[in-house]
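Trainee: One structure is given below, represented as structure tokens, and several questions about it will come after.
Every read-out reported here was derived from the displayed coordinates using simple, explicitly stated rules and does not represent laboratory data. Owing to the predicted nature of the structure, the values given are computational and were not obtained by experimental measurement. Cβ sites come from the backbone with ideal geometry, for glycine too, and all protein chains shown count toward neighbours.
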Amino acid sequence: MSINEKSFITVVGAVNIDISATPKKSLKMADSNPGRMKVSFGGVGRNIAENMRRLGSNVEMITVFGDDFYGDELKRNMADLRIGTSLSLELRGVITSTYLCINNNDGDMAVAISDMDIYNQLTPEYLKTKMALINESKYLVIDANITKECIDYLCAEAKVPIIAEPVSTAKGIRFKDSLDKLFLFKPNRYELELLSGITVDDEESLEMATEILLSKGVKHLVVSLGKDGVYYAFKDVRKHFDAMPCHVVNTTGCGDALLGGITAGIDAGLDMERAIELGLKAAALCAEDYSVVSSKLSEDLLEDSEGGLLK
């Protein structure tokens, strides 16, 4: 995607090489285990960008690549998807962000190691050089893998609506001083608890925690509840959306699909409730796929059963 596109969305966040290993039999520690290895492209920001691209949005991504084999492969993958990376930073002598997961023989994670220190090299000073172009985009999507300093800078300087993905409780806290700048925020139950200070264990506590984040300035709050769907809050609107029925084989990437689908829906002109429905459809497709982004995702998903654009 060329940054000369008249309509594009900027994503600032992580790209990753994900390596997973699953033994054929019970995992034996301190030993070599015959098994299966899988190398795939990941990263929250990259996953969100791919979901949006498959749904028809033009996307430019700002991230950090190392000058290694994995960095080259990630750039090639994103070029194939027509996700722009010309604004991204490439560092010499630094390993591209990598995640290594070792499962037990039934596929559940036994241990994992992530090397994401490269994102400490993305600075407000670098982002300042790209801010004029960021402000030409329709929306700015931020994932919390970047530093708090970068998040605070982007939220202070962006003149376009900001859509935010907290990633995890450890990283989501980086948005605590910028909640009033967010057009849309998509925490899960645990990230909502952390930022609101309320334990969410029933409908009443969910509503209380939601009210606290709205009072802090979040405009559209979309709380991901996993198999229980989504809770949406905006001004006087409160609505629970059920998850789409699906045969779950994988949950990795479903949150990214949800936010990517919502953002692509907004970009396509859907109202927020229909955009959330689109995000839930994207998440269901992801759950039925062993990949972090479903290859079945396409612009056709923007059409309802009668063939018309969702409104």
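Trainee: Based on the Kirkwood radius over alpha-carbon pairs, what is the Stokes-Einstein translational diffusion coefficient of region 202-311 at 4 °C with 1.567 mPa s viscosity, in µm²/s?
Mentor: Numbers: Rh = 14.4 Å.
Answer, rounded: 90 µm²/s.
Trainee: Can you tell me how much longer the chain between Asp108 and Ile173 gets when fully stretched, taken as 0.36 nm per residue apart minus their C-alpha distance, in nm with one decimal? Display every interim value, and only then the final one.
Mentor: Numbers: separation 65, 0.36 × 65 = 23.40 nm, distance 2.71 nm.
Stretched fully, the Asp108-Ile173 segment lengthens by 20.7 nm.
Trainee: Under a point-charge model restricted to the Cβ atoms of Lys and Arg (+1) and Asp and Glu (-1), what is the dipole moment magnitude of the chain relative to its Cα centre, in debye to the nearest 20? Before the final figure, lay out the partial values.
Mentor: Numbers: 34 positive and 47 negative charges, 103 e Å.
Charge dipole, the chain, about its Cα centre: 500 debye, nearest 20.
Trainee: Taking 0.36 nm per intervening residue step and subtracting the Cα-Cα distance, what contour gain separates Met29 from Asp236 on full extension? Present the calculation step by step, with values, prior to reporting the outcome.
Mentor: On the way: separation 207, 0.36 × 207 = 74.52 nm, distance 5.40 nm.
Full extension of this stretch gives 69.1 nm more.
Trainee: For region 1-81, compute the number of Lys pairs whose alpha carbons are separated by less than 27 Å, excluding pairs fewer than 8 positions apart on the same chain.
Mentor: Values: Lys6/Lys75; Lys24/Lys38; Lys25/Lys38; Lys28/Lys38; Lys38/Lys75.
Number of lysine pairs found: 5.
Trainee: Just round it to a whole percent: the fraction of Cα-Cα distances in the chain exceeding 35 Å. All intermediate terms of the calculation are to be shown ahead of the outcome.
Mentor: Values: 8085 of 48205 pairs.
For the chain, the fraction of Cα-Cα distances above 35 Å is 17 percent.
Trainee: Can you give the % of DSSP beta bridges in the chain that are antiparallel, to the nearest 5? Walk me through the numbers on the way to the answer.
Mentor: Values: 24 of 50 bridges.
If we restrict to bridges inside the chain, about 50 percent are antiparallel.
Trainee: Please sort 30-38, 175-183 by packing, taking for each peptide the average over its residues of neighbouring beta carbons within 10 angstrom, highest first.
Mentor: Details: 30-38: 9.6, 175-183: 18.4.
Highest to lowest by the protection proxy: 175-183, 30-38.
Trainee: Which of Ala257, Ala49, Ala268 ends up with the largest GNM mean-square fluctuation for the chain, with Cα atoms connected below 10 Å?
Mentor: So, out of Ala257, Ala49, Ala268, the one fluctuating most is Ala268.
Trainee: How much net charge surrounds Thr129 when only other residues with a Cβ under 15 Å from its Cβ are counted (Lys, Arg +1; Asp, Glu -1)?
Mentor: On the way: positive: Lys128, Lys130; negative: Glu60, Glu90, Glu125, Glu136, Glu157.
Computed value for this residue: -3.
Trainee: Same structure again: Looking at Cys246, Ser97, Tyr232, which one has the Cα that reaches farthest to the positive end of the dipole of the chain (charges on Cβ: Lys, Arg +1; Asp, Glu -1)?
Mentor: Result: Ser97, furthest along the dipole toward the positive end.
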